[in-house]
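The values are calculated or read from the model by the stated rules, or taken from the named source; none is laboratory data. Quantities reported herein were computed from a predicted structural model and do not represent experimental measurements. Cβ: placed from backbone, ideal geometry, glycine included. Neighbour counts: every protein chain shown. These area figures cover heavy atoms from the full protein model, side chains too; ligands, DNA and RNA do not enter into them. Shrake-Rupley method; radii C 1.70, N 1.55, O 1.52, S 1.80 Å.
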Amino acid sequence: MAILGILLGILLIIFLSMRNISILIAAPLATLVVVLFNQMSLTDLYLGTDSQSFMALLVDYVLKYFWIFLLGSILANLMETSGATHSIAQTIIVKIGTDNPYNILLAIFLISFILTYGGISLFVAMFAIIPLARVLFQKANISWHLVQIPLWLGICTVTMTILPGTPSIQNIIPIDYLQTSLTAALLPSLVASVVCIGFGLWYMKYALNKSIAANQGFTTLSTQPATSTQEIPQKAQIAFWKSICPLVVLIIITFLGSLFGNAFMRKNVIYFALLIAVLLCILLFYKHLPSLSKSLNAGASGAVLPIFSTAAAVAFGSIVVRASGFEAIQQFIFDLPIPPYLNLGLLTTLMSGITGSSSGALGIVMPNYATYYLDLGLNPEFIHRIAAIGSNILTIVPQSGVFITFIGISKLTPKTAFKESFITVFCSTLLAQVVVLAWALLA
C-alpha cells in the first residue's frame, strides 16, 4: 500500500499538470495521497514547523537559491526590455541567413544556446525566442512543431547540466554538498557536450527532412496557429558587441572563479558573476530601458513563481523520499548489481521523473545521498556531473513546469509537442551521460 501510494501520488501530479493545474496546487494534493497511503502524520507534514514538514522543505529550497533566481530573472528582464536579446538574435540570423530551413533551426539553437549559457533562465529564454521563431517559421513555411527541437537543444540540454561553467541552478546545487565548482569534471564534460550537440543537430536535420517529405507547412500540426505580421528589423538598435557583453563577462568570471579561485570563490562565484552582469546591463543599456525601476520590479516578480514552483516540487519529492514505501524502491536501486556511479545516475533520473524538475531532483538527491556516495570513495567531480546530467534526462515529462510553460507559449498541444521535445532532451542527455559514466568507470 505504501508503494502504491507513491505511484498514485506521482500519477496524480502528472494528471493535474496535464490539466494545467499549477504545481503549487498539484504538489500538496499529490503529497496528500503519499501521506495517507504511507500512514504519515497529516498535521505534522502540513501544519508543522519542523524541518520535515512540507512548508519547511519548500522554504529551505527558497532560502538556499533565492539570490540565484532573483539575479537571473533581473538579468533576463534587463536584456529583454532593452532590446539586447533581440540584437543578439538578429545578428545571428543575418549571419546565418533564412533561405535554408535548416539554417533557421540552427539560428534558433544558437540564440537559445548563447542566452542560457550567458545566465538567462530557460523560462525567460522561451518568452524571448518563441515569438521570434514564429515569425521565421511562418515566413519559411516550416512546420511549427519543429521549433521544439532547436529550442530544447539550446536551453535544456548542454547549457543546463553538461557544459562546464554553465551558470544554471542545476550546475550550482551540487557545489554545496560536494565542494566542487561549476567546471567539475572539465574534460569529460566537454566531450559529453560535443556528443550531446552532435546528436541534437542530427535529429534536427532528420526531423526537418521528414517534415518536408510529408509536405508539412507552418500550420500543419498546430491546432492554434499563431500568425503574425511582425517583421524582423533589418538593423538592431543596440550593437551586437554591447548586447552580448554582460553575458560574455558572466561566463568569463564564472570560468576564472571556478578554475583558479579558492574554495570560497569556487562556491560563490556565480553570485558575483550574476551581480556584475546585472550592473553591466544597467550601465550599457540604461538609455534603452523604458524604465529601470519597472525592469527591476518585473525581474523580481518574475523570479517568484519559478522558485516557488520548483520548491513545491522539491517538497513533494522530499516527502516521497521519506515515505516508508520509498525505502523499498531505494533499496531496490541500491541492490542492483551495477557500479555506484551508474546507481547515482539512475537514482537522480528517477527523482527528476517523479518531481518533473531537474533542479528539484538535485535538491533532493544532494542533501540525502551525497554523503553516501562520497563515503563509497567516489570522485566528487564525477558525482557532481553525473548527478547533474541525470537530473536532466527526464526533464521533459507531462508534469514538468517548463514543458507546461512551453505548451502555453508555443500554442502547441501536449500531443504535438511531447514527442520531439522528449526525444531531443532524453536522447541527447542520455548519450552525454554515457560518455561521463564511461569516463568515470575507466578513470
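The set of residues in segment 415-443 being open to solvent by less than 30 Å² (accessible area, probe 1.4 Å) and at pLDDT below 90 consists of 416, 417. Taken over segment 283-312, the criterion of being surrounded by fewer than 19 Cβ atoms within 10 Å (Cβ to Cβ), among the small types (Gly, Ala, Ser) and part of a helix (DSSP H, G or I) is satisfied by 293, 298, 300, 301. If you go through segment 144-179 and keep only what is open to solvent by less than 10 Å² (accessible area, probe 1.4 Å) and not in a helix (DSSP H, G or I), you end up with 156, 157, 164, 165, 166, 173, 174. Within segment 91-103, residues that are in contact (Cβ under 8 Å) with a residue 60 or more places away in the chain and within 11 Å of residue 136 (Cβ to Cβ) reach partners that are buried (at least 17 other Cβ atoms within 10 Å of the Cβ) and among the aliphatic types (A, V, I, L, M) with beta carbons closer than 7 Å, at six or more positions or on different chains, in the pairs 93/107; 101/142; 101/208. Of all residues in segment 241-288, exactly one satisfies the criterion of being over 26 Å from the mean Cα position of the chain (by Cα), under 25 Å from residue 164 (Cβ atoms) and modelled with pLDDT of 85 or more, namely 241. Counting residues in segment 378-387 that are small (Gly, Ala, Ser) and free of Cβ contacts under 8 Å to residues at least 60 places away in the same chain gives zero. Taking the criterion of being surrounded by fewer than 21 Cβ atoms within 10 Å (Cβ to Cβ) and within 24 Å of the chain's Cα centre (by Cα), the residues of segment 91-108 that qualify are 92, 106. Cβ separations smaller than 7 Å between residues 6+ apart or across chains give the following pairs from segment 14-34 residues that are at positive phi to residues that are among the hydrophobic types (A, V, I, L, M, F, W, C): 20/404. Scanning segment 78-102 for residues that are under 21 Å from residue 206 (Cβ atoms) and touching a Cys at 6+ places or on another chain (Cβ under 6 Å) yields no hits at all. Go through (1) without any contact (Cβ under 8 Å) to a residue 60 or more places away in the chain; (2) surrounded by fewer than 21 Cβ atoms within 10 Å (Cβ to Cβ) one by one and return the number of the condition residue 81 breaks. Condition not satisfied by residue 81: (1).
The listed residues are 111, 88, and the only one of them that is within 17 Å of the chain's Cα centre (by Cα) and of a type outside the set (S, T, N, Q) turns out to be 111. Would you call residue 25 of a type outside the set (Gly, Ala, Ser), open to solvent by 80 Å² or more (accessible area, probe 1.4 Å) and in contact with a Leu (Cβ under 9 Å, 6 or more places away or on another chain)? For residue 25, the condition - of a type outside the set (Gly, Ala, Ser), open to solvent by 80 Å² or more (accessible area, probe 1.4 Å) and in contact with a Leu (Cβ under 9 Å, 6 or more places away or on another chain) - is met. Within segment 232-282, restricting attention to residues that are polar (S, T, N, Q) and touching a helix residue (DSSP H, G or I) at 6+ places or on another chain (Cβ under 7 Å), the residue that is most open to solvent (accessible area, probe 1.4 Å) is 237. Taking the numbered list (1) under 30 Å from residue 3 (Cα atoms); (2) of a type in the set (Gly, Ala, Ser); (3) surrounded by fewer than 22 Cβ atoms within 10 Å (Cβ to Cβ) in turn, residue 315 passes all entries but (3).
Per the conditions (1) under 26 Å from residue 220 (Cβ atoms); (2) of a type in the set (A, V, I, L, M, F, W, C); (3) open to solvent by 10 Å² or more (accessible area, probe 1.4 Å), the sole criterion not satisfied by residue 125 is (3). Among residues that are among the hydrophobic types (A, V, I, L, M, F, W, C) and either without any contact (Cβ under 8 Å) to a residue 40 or more places away in the chain or surrounded by fewer than 21 Cβ atoms within 10 Å (Cβ to Cβ) (or both), residue 364 is not included. Count of segment 313-333 residues, restricted to those that are aromatic (Phe, Trp, Tyr) and more than 16 Å from residue 55 (Cβ to Cβ), is 2. Just one residue in the set 293, 357 is touching a helix residue (DSSP H, G or I) at 6+ places or on another chain (Cβ under 6 Å) and of a type in the set (Ser, Thr, Tyr); that residue is 357.
Per-residue answers, yes or no, for (1) open to solvent by 10 Å² or more (accessible area, probe 1.4 Å); (2) in contact with an Asp or Glu (Cβ under 6 Å, 6 or more places away or on another chain); (3) under 16 Å from residue 359 (Cβ atoms):
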{"residue": "374", "(1), (2), (3)": "yes, no, no"}
{"residue": "378", "(1), (2), (3)": "yes, no, no"}
{"residue": "381", "(1), (2), (3)": "yes, no, no"}
{"residue": "389", "(1), (2), (3)": "no, no, yes"}
{"residue": "394", "(1), (2), (3)": "yes, no, yes"}
{"residue": "397", "(1), (2), (3)": "yes, no, yes"}
{"residue": "400", "(1), (2), (3)": "no, no, yes"}
{"residue": "405", "(1), (2), (3)": "yes, no, yes"}
{"residue": "413", "(1), (2), (3)": "yes, no, no"}
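With the structure loaded, tell me whether residue 46 is aromatic (Phe, Trp, Tyr) and more than 26 Å from the chain's Cα centre (by Cα) or whether it fails that test. Spelling it out, residue 46 is indeed aromatic (Phe, Trp, Tyr) and more than 26 Å from the chain's Cα centre (by Cα).
If you go through segment 246-278 and keep only what is closer than 21 Å to residue 121 by Cα and either without any contact (Cβ under 8 Å) to a residue 12 or more places away in the chain or of a type in the set (Phe, Trp, Tyr) (or both), you end up with 252, 255, 268, 271, 272. Can you name the helices (runs of 4 or more DSSP H) wholly within segment 367-443 that have at least 3 residues being of a type in the set (Lys, Arg)? Helices (runs of 4 or more DSSP H) meeting the threshold: none at all. Taking the criterion of being over 27 Å from the mean Cα position of the chain (by Cα) and either among the hydrophobic types (A, V, I, L, M, F, W, C) or open to solvent by less than 10 Å² (accessible area, probe 1.4 Å) (or both), the residues of segment 335-359 that qualify are 336, 338.
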